[in-house]
Each structure stands twice: as C-alpha cells, then as structure tokens.
Amino acid sequence: MKALLWQGVNELSVDEVPDPTMRNEQDAIIRVRKTATCGSDLHLLGGYIPFMERGDVLGHEFLGEVVEVGPQVREHKVGDRVVVCSFVSCGRCWYCRQQQYSLCDNGNTNPAITENVWGFAPGGCYGYSHALGGFAGSHAEYIRVPYADQGAFTVPDGVSDERALFASDAAPTGWMGADLGGVKAGDVVAVWGAGGVGQMAARAAVLLDAERVIIIDRFANRLQMAEKYLGVETLNYQTQDVGGELLERSGGRGPDVCIEAVGMESHSTGPQYLYDQVKQQLRLESDRPIAAREAVYHCRKGGSVFLLGVYAGLVDKFPLGALMNKGLTLRGAQQHGHRYIPMLLERMERGELVTEHLATHTMPLDEAPHGYNMFKNKLDGYVRAVFEPSR
Ligand SMILES: NC(=O)c1ccc[n+]([C@@H]2O[C@H](COP(=O)([O-])OP(=O)(O)OC[C@H]3O[C@@H](n4cnc5c(N)ncnc54)[C@H](O)[C@@H]3O)[C@@H](O)[C@H]2O)c1
Ligand SMILES: [Zn+2]
Ligand SMILES: [Zn+2]
C-alpha cells in the first residue's frame, strides 16, 4: 500500500510499504477514507520529538471503513464506518477505568523510553514516534487498530465523513481542555492558538455555557473562522495588547480559565522569541513555552490553566512564582478521547459542533508532502490538510 513516511527532519516521502496485518485477536484493519494533519505532526516533522525512525508512517487523525476484524472484536463488523481515537487504550487497565485513557498502561508497547524521561509512560498514539508505541500512522491506505472495540467508534448516518473525521483528535482534545480546565457557566475563557485544537476548545467552552470566550492568534483567516463558525471573540496578539484586552474583557479580573493550544513551537513578537529559539536550537531547552507563560501570567488569581499544546521535556523561565502566589491550578494531558467521542458525535449530528471548516485543503495522499509544507508554514490559509488515501 501507499503511505506517507517520515524520512528525517523536514523530509517526507510517499512510498509503497507492506499492508498492515492482524497481530492480535482484538485488532481491526481499517481502510482509511480521510486522514488529517495535526499541529502535533509538525513537532515530529521539525525533529522536536525524539525516537522517530526513517520510514515511520505519520498520521493519527482518521476515519475509514472496517475491512477485517479479529475474533475478539464484538462492537464492529466489516463495512462499518468508524472514526478512531488518536490515542491507543486498552479500556480495561486502572487508568482506563478512571477514564484517563491517554494514560493507559497497555497502550504503549515501548514504555521504557518515556519511563526514563518522565517517570511513567503515557499510552500509545498512532504515528507518533517509538516513544509512544511506534504504531504505524493513518496517512496510508490501511491501518491496524489495536483494541478496536475501545478505539473505533461507529459514525452515525447523519454525520458526514468531513465532520466526523475531527472526532478522532481535534474535537476531543479541545473538549478535554474545557472540561478538565473546569469551564463553568458564566466563566470568561481565553484560548491561545486558533488551530484545529484551539478552535475546538473554544467551541467546547461556548457549549459549556462560558459567558465570554476569547481566542488568540495572529492569523486573520483563523480568527475570522473562529468568529464565523464558533461564535467566539478574537484577539490578534500581533496588533493588540493581549494582557490589556483580557483584563478589559473580564471586568478587570482576568480570565477564569486559560487554555493553551499552541505547544512547544510557540511564536511571539517579543524578545523572548529569539531567546527561546536560540535555546531550543542549542538543545538547552526542548520546548518554547511562550503561550504557556502568557496563560499563567494573564490568568485571574485562583484560576485554572490547561495545557493542550504538546511539550516534550524541559522549559526555561517558567513563571512558577506567579503560579504559586496566584493560587493557580495547572493541568495538561494528551487527549482522553474515548471519554468524549460518542457525546461529540451526537453533538455533531445535532449540528451543535461543526468541524468541516477546519479541512481547508483536501487532496490525494500523493500530494501530502506539499500539504505538510503548506500547513507547516501556514500558507494559503491552511488550517488542516486532509488526505484521501483510498485506491
Ligand atoms: N493534548 C493533546 O492530546 C493534543 C492533541 C492534538 C494536538 N495537540 C497539540 O495542540 C497544539 C495545537 O495543535 P493544532 O493542530 O491546533 O496546531 P496548529 O499549528 O494548526 O495551530 C497552532 C496555532 O498557535 C498559534 N500560535 C503560535 N504562537 C502563539 C502565541 N504566542 N499565542 C497565541 N497563538 C499562537 C499559531 O499561529 C497557530 O495558529 C500543538 O502543540 C499540538 O501538538 C495536543
Ligand atoms: Zn493530534
Ligand atoms: Zn488501559
């Protein structure tokens, strides 16, 4: 089959690789109909996440059709249209029973790597390096889905492929940020980053009855999209004063919940951007936490900060004093999609959650290297490229 392969830092190719085969009785094989790019893939492309190997298949946001099921698969049959959670979880371990699916003890088949770096291993993720299990990704004609009864969700007839695709990764990630960030009715919520993840977090805050939701970015097309499709306010950090505006729009108190959906390759107009870039290039810090610092700084006293953006290791100049003295709650997580996907598909069917506008560019898999280059550089209005790999 054809697949998009990581060939080194900023190097991608579309090549023939062997078709996936069943390895476990709980596996299913899915023929991929649609698979999207995610900001997380950019961190792999840029070489910021270690333990990628040449020839690894990228991609973790996908929807397709079941073509084979193992004898232990009960919930799915050949021909089902399914969307698959980007994280691999067994559904039975202690963490899965607490609904903390991305922390699954069985989803990551290479736990030793992250145990050494982080103390304990999180679960696995498709196409996300050998540190997260080394699973082949979804930018391919076919993909093996372990624990298929847990990870694959049948898409209701009333939800299109274009909408349901984002129930795999962007929508549950955003929902988790608002939910575990503690958004309540009447809150003022600020979201850093208007990519697919930030947009979905902002929409989740609206649906959880936040009074004002403000999304922050510098790309006009993304901010316009957020106004049009999500019904939220916007803030352009390149032309407006983020701190001043957030104070003004929260009655002088600061936002109750700050959701960071930018991650380790954060950008800034200030001098710290150069500082962080130099330190990151010299490997003196692994991540540029500019938006995370801002979220901690601008959050109201006693408020909550949730990190959805991906971080790999160590950061510099993190405002621990502000965190402690302002009594903030700081959390972060890889997405616990299994907890939210059925509810999100229902909301998609009712029209409360619209996602298809995120797919700004749709193309065959052969054009994926070009799609990634445009997405990486945010050219031509790219938000998410969607590849259609089917033969
Ligand atoms: N926690 C999870 O499970 C999970 C799942 C998916 C993605 N992610 C992570 O979420 C992050 C966002 O993903 P995405 O797909 O939306 O990416 P994206 O690259 O499409 O969007 C990131 C946005 O952040 C903006 N940005 C950069 N610096 C900023 C700053 N200082 N202030 C405000 N905005 C800034 C960029 O302009 C861009 O629009 C990434 O780090 C990704 O790895 C996490
Ligand atoms: Zn992702
Ligand atoms: Zn588990």
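The values are calculated or read from the model by the stated rules, or taken from the named source; none is laboratory data. Note that the structure is predicted; figures quoted are calculated from it, not measured. FYI the Cβ positions are ideal-geometry reconstructions off the backbone, even for glycines, and counts take in every protein chain you see.
Name every residue in the stretch 79-91 that is in contact (Cβ under 8 Å) with a residue 40 or more places away in the chain and either in a loop (DSSP other than H, G, I, E, B) or near ligand 3 (Cβ under 8 Å from one of its atoms) (or both), in order of residue number. Lay out the reasoning, then the answer.
Start the filter on the stretch 79-91 by keeping residues that are in contact (Cβ under 8 Å) with a residue 40 or more places away in the chain, which leaves 80-91.
Asp80, Cys85, Ser86, Ser89, Cys90, Gly91 - these are the residues of the stretch 79-91 that are in contact (Cβ under 8 Å) with a residue 40 or more places away in the chain and either in a loop (DSSP other than H, G, I, E, B) or near ligand 3 (Cβ under 8 Å from one of its atoms) (or both).
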(request) Sort out which residues of the stretch 196-210 are surrounded by fewer than 24 Cβ atoms within 10 Å (Cβ to Cβ) and either in contact (Cβ under 8 Å) with a residue 60 or more places away in the chain or not hydrophobic (A, V, I, L, M, F, W, C) (or both), and write them in order of number. (result) Leu207, Asp209
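Tell me yes or no: at least one residue of the stretch 44-53 is more than 16 Å from ligand 2 (Cβ to nearest atom) and modelled with pLDDT of 95 or more.
The initial filter retains those residues of the stretch 44-53 that are more than 16 Å from ligand 2 (Cβ to nearest atom), namely 47, 50-51, 53.
The next check asks that each one be modelled with pLDDT of 95 or more; those that pass are 53.
Yes; the residues of the stretch 44-53 include at least one that is more than 16 Å from ligand 2 (Cβ to nearest atom) and modelled with pLDDT of 95 or more.
If I ask for residues that are more than 10 Å from ligand 1 (Cβ to nearest atom), of a type outside the set (D, E, K, R) and either under 24 Å from Ala112 (Cα atoms) or in a loop (DSSP other than H, G, I, E, B) (or both), which ones from the stretch 23-47 would you list?
Taking the stretch 23-47 and keeping what is more than 10 Å from ligand 1 (Cβ to nearest atom), we get 23-35, 45-47.
When the remaining residues are screened for being of a type outside the set (D, E, K, R), the result is 24, 26, 28-30, 32, 35, 45-47.
Result: Asn24, Gln26, Leu45, Gly46, Gly47.
Among the residues of the stretch 105-128, is there at least one that is touching a Lys or Arg at 6+ places or on another chain (Cβ under 8 Å) and either closer than 21 Å to Cys38 by Cα or crowded, with 23+ Cβ neighbours inside 10 Å (or both)?
no
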(message) Give all pairs with beta carbons closer than 8 Å in which a residue from the stretch 346-372 that is under 13 Å from Ser160 (Cα atoms) meets a residue that is surrounded by fewer than 18 Cβ atoms within 10 Å (Cβ to Cβ) and among the small types (Gly, Ala, Ser); count only pairs at least 6 apart in sequence or on separate chains.
(response) Glu349/Gly158; Glu356/Ser160
(request) Could you look through the stretch 67-111, keep only residues that are under 17 Å from the mean Cα position of the chain (by Cα) and more than 16 Å from ligand 2 (Cβ to nearest atom), and pick out the one that is nearest to Gly134 (Cα to Cα)? (result) Leu103
(message) Among the residues of the stretch 130-176, what is the count of those that are crowded, with 24+ Cβ neighbours inside 10 Å and of a type in the set (S, T, N, Q)?
(response) 3
(message) Can you tell me which of (1) assigned to a strand (DSSP E or B); (2) closer than 27 Å to Val14 by Cα is the one Asn108 doesn't meet?
(response) (1)
(message) Could you check the stretch 48-73 and list, in sequence order, the residues that are touching a helix residue (DSSP H, G or I) at 6+ places or on another chain (Cβ under 6 Å), surrounded by fewer than 22 Cβ atoms within 10 Å (Cβ to Cβ) and not in a loop (DSSP other than H, G, I, E, B)?
(response) none
(request) Considering each residue of the stretch 3-26, count those that are in contact with a strand residue (DSSP E or B) (Cβ under 6 Å, 6 or more places away or on another chain), within 23 Å of Val88 (Cβ to Cβ) and of a type in the set (D, E, K, R), and give that number. (result) 1
(message) Please go through (1) away from ligand 2 (no atom under 16 Å from the Cβ); (2) on the phi < 0 side of the Ramachandran plot for Gly182 and return the number of the only condition it doesn't satisfy.
(response) (2)
(request) Pull up the stretch 107-149, narrow it to residues that are touching a helix residue (DSSP H, G or I) at 6+ places or on another chain (Cβ under 8 Å) and free of Cβ contacts under 8 Å to residues at least 24 places away in the same chain, then point me to the one that is nearest to ligand 3 (Cβ to nearest atom). (result) Ala121
(message) Considering only the stretch 50-62, I want to know if a residue exists there that is within 14 Å of Leu132 (Cα to Cα) and of a type in the set (Gly, Ala, Ser).
(response) yes
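How about the stretch 146-178: which of its residues are of a type outside the set (D, E, K, R), in a loop (DSSP other than H, G, I, E, B) and under 19 Å from the mean Cα position of the chain (by Cα)?
So the first thing to find is which residues in the stretch 146-178 are of a type outside the set (D, E, K, R), and the list is 146-148, 150-156, 158-160, 164-168, 170-178.
Next, only the ones that are in a loop (DSSP other than H, G, I, E, B) stay: 146-147, 155-156, 158-160, 168.
Hit for the stretch 146-178 is Ser168, nothing else.
Where in the stretch 275-369 are the strands (runs of 3 or more DSSP E), entirely inside, with at least 1 residues that are touching a Phe, Trp or Tyr at 6+ places or on another chain (Cβ under 7 Å) and surrounded by fewer than 23 Cβ atoms within 10 Å (Cβ to Cβ)? Please lay out each step first, then the result.
On the way: elements: 304-307, 329-332, 359-364.
The qualifying strands (runs of 3 or more DSSP E) are 329-332, 359-364.
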(request) Hey, can you tell me all the residues within the stretch 84-126 that are over 18 Å from Leu58 (Cα atoms) and small (Gly, Ala, Ser)? (result) Ser89, Gly91, Ser102, Ala112, Gly119, Ala121
